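The values are calculated or read from the model by the stated rules, or taken from the named source; none is laboratory data. Nothing here was measured: the structure is a model prediction, and the numbers come from that model. When we count neighbours, we look across all protein chains shown, and the Cβ atoms used for this are built from the backbone with ideal geometry, even at glycine.
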Amino acid sequence: MYYLKTTFEGPGPLAADIIFTVEKGDSVTVIAQNLMDKGYISDARVFILGFYLNKETGTLKAGEYPLNANVSMEEIIRIFRGGKSVAYKVTLPEGLTSQQIVDRLNQDTILTGAIEETPKEGSLLPETYTFQRGTSRQELLDRMAKAQSKVLEKAWEERVDGLPYNSPEDAIILASIVEKETGQSGERRRVAAVFINRLNKSMRLQSDPTIIYGIVGPKGALGRPIKQSEIDKPTPYNTYQIDGLPPTPITNPGAAAIKAVLHPVRSDELYFVADGTGGHLFSKTLKEHNQNVAKYRAWQKQQKSQSGVPAAPKIPPVTKSATVPAQ
């Protein structure tokens, strides 16, 4: 009993900190033998006996576990029973299409398994997700879909009055457009308000990202400026040519964009144009808007005339959108 107690509770032979993997289906005997074979414990029999005599209940859970140098058998069992294994992270930024998200998950070497099918556009919540080794790609996609449903349900229940949506799905469509229009967190609710005001007045949205999605679809990126011929060409997604919302989302919006289209700022603004460094210039009238467009084009001309590092613009921050003045 003395040998059992001191061997089980005392410092072990592990020389340095390591990560040890408990495979799914491993029995206590297999785990003990693996630990002993690697020199992490001194006696597998003591480990097994200590497991059964220990007052704690619970199995030894599969996973990857950090073990410190000289860790005791008693502590190893406590760690394995606790199930707090090494966590990995994958970050899916806002503004990716469902196909782009699937592509990124397929490139992750820790995740396992095949993805059954590409989820519907706009059905996933971009976020940083933690997972353990052995987690499947499909499982992570399912978590992203559940997370999006939860965010959307809460935001929809708390939405303000006067919104031009027939369903939460309509809100996701507009949120996806807002997501592509601005990366500025302080602008999302204002950009959302512009689009909502235009919908309420039966004005076309005239959003450049919708043109791009109509050209490349789930591929996501066009890789070049939009051509005038593409602005003039009707597609189901070209909001310069169609009334109202496009038929589906054009990306997977983040929680902030979803909340923005359901809780927009109060404003009478109907126009915005990229300004030069990441933001937009907003206006209530077409006259003001055209003036802002002229400012932006003057800034563009100034930048082209300079060599080296561009000087900071004298008007605020341009996003990928609004290269063409809205009407």
task: For segment 147-158, state whether one or more residues are outside any helix (DSSP H, G or I) and touching a strand residue (DSSP E or B) at 6+ places or on another chain (Cβ under 6 Å).
output: no
- line: Those helices (runs of 4 or more DSSP H) completely within segment 36-134 that have 2 or more residues that are buried (at least 19 other Cβ atoms within 10 Å of the Cβ) and in contact with a helix residue (DSSP H, G or I) (Cβ under 6 Å, 6 or more places away or on another chain) are 44-53, 73-82
message: If I ask for residues that are more than 15 Å from G134 (Cβ to Cβ), in contact with a helix residue (DSSP H, G or I) (Cβ under 8 Å, 6 or more places away or on another chain) and surrounded by fewer than 19 Cβ atoms within 10 Å (Cβ to Cβ), which ones from segment 20-35 would you list?
response: V28, T29, Q33
task: Under 7 Å between Cβ atoms, at least 6 apart or on separate chains: pull out the pairs that start in segment 238-259 with a residue that is within 14 Å of E181 (Cβ to Cβ) and end on any residue that is acidic (D, E) and crowded, with 23+ Cβ neighbours inside 10 Å.
output: T251/E179; P253/E179; G254/E179; A257/E179
query: Do the conditions hold for P225, that is, is it modelled with pLDDT of 95 or more and not β-branched (V, I, T)?
result: no
Of all residues in segment 1-19 being loosely packed, with under 13 Cβ neighbours inside 10 Å and hydrophobic (A, V, I, L, M, F, W, C), the one that is nearest to R133 (Cα to Cα): I19
field: Residues satisfying the stated conditions in segment 147-165, i.e. within 15 Å of I258 (Cα to Cα) and either outside the structural domain of D108 (by TED's automatic domain parsing) or surrounded by fewer than 16 Cβ atoms within 10 Å (Cβ to Cβ) (or both)
entry: S149, K150, E153, K154, E157, E158, V160
G279 of a type in the set (G, A, S) and closer than 30 Å to E153 by Cβ: no
field: Top-ranked residue in segment 276-327 [being among the small types (G, A, S) and surrounded by 18 or more Cβ atoms within 10 Å (Cβ to Cβ); ranked as modelled with the highest pLDDT]
entry: S283
field: Unique residue being farther than 30 Å from Q303 by Cα and in the same structural domain as T118 (by TED's automatic domain parsing) when the list is A221, A192, A257
entry: A257
Test for L111: is it assigned by TED's automatic domain parsing to the domain that holds R133 and either acidic (D, E) or under 30 Å from I212 (Cα atoms) (or both): no
- request: State yes or no: is Y271 in contact with a Gly (Cβ under 8 Å, 6 or more places away or on another chain) and not charged (D, E, K, R)?
  value: no
